[in-house]
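Below is one structure, written out as structure tokens; comments come after it.
The values are calculated or read from the model by the stated rules, or taken from the named source; none is laboratory data. Because the structure is a prediction, the values reported are computed rather than measured. Cβ coordinates were reconstructed from backbone atoms using ideal geometry, including for glycine residues, and neighbour counts include every protein chain displayed. Accessible surface areas use protein heavy atoms only, side chains included; no ligands, DNA or RNA. Shrake-Rupley method; radii C 1.70, N 1.55, O 1.52, S 1.80 Å.
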Amino acid sequence: MTAEPKRATFTAFIGHEIIAQGAIDEVALRAKERVDADENTRVVIYDDESCRAVDIDYRGSGEEVVARLATHPMLAPPAQQPAGPTERRGPGR
């Protein structure tokens with residue numbers, strides 16, 4: 001039996017109210033519905049693991065919003081993220 005890789009989860013809030021939880025595409029679509037219903041609505045989406053806020057571009061159709069998620073810098077799989085600076089090491093022996 002092969003274990004499935006853990007799927008990242010996200011939570012969307014309007015104020016203190018949770019409006020969606022789950023995969024980023026589902027959460028972004030639910031948030032877009034609320035933003036489209038009232039353009040003054042402020043939705044904040046958090047990555048459940050890192051607790052970092054994720055900024056989503058809600059312009060266009062739901063399909064366009066989801067398509068942009070594939071190139072979002074905070075949502076790229078680890079293999080696609082740019083490598084950070086390497087750990088500095090002292091002189092060898």
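Here are some notes:
- Within the range 9-32, tally of residues that are out of contact with any helix residue (DSSP H, G or I) (no Cβ under 8 Å at 6 or more places or on another chain) and surrounded by 12 or more Cβ atoms within 10 Å (Cβ to Cβ): 8
- Tabulated pairs, the range 40-69, first free of Cβ contacts under 8 Å to residues at least 12 places away in the same chain and open to solvent by less than 90 Å² (accessible area, probe 1.4 Å), second part of a helix (DSSP H, G or I) and not charged (D, E, K, R), C-beta under 8 angstrom, 6+ apart or interchain: 57/65
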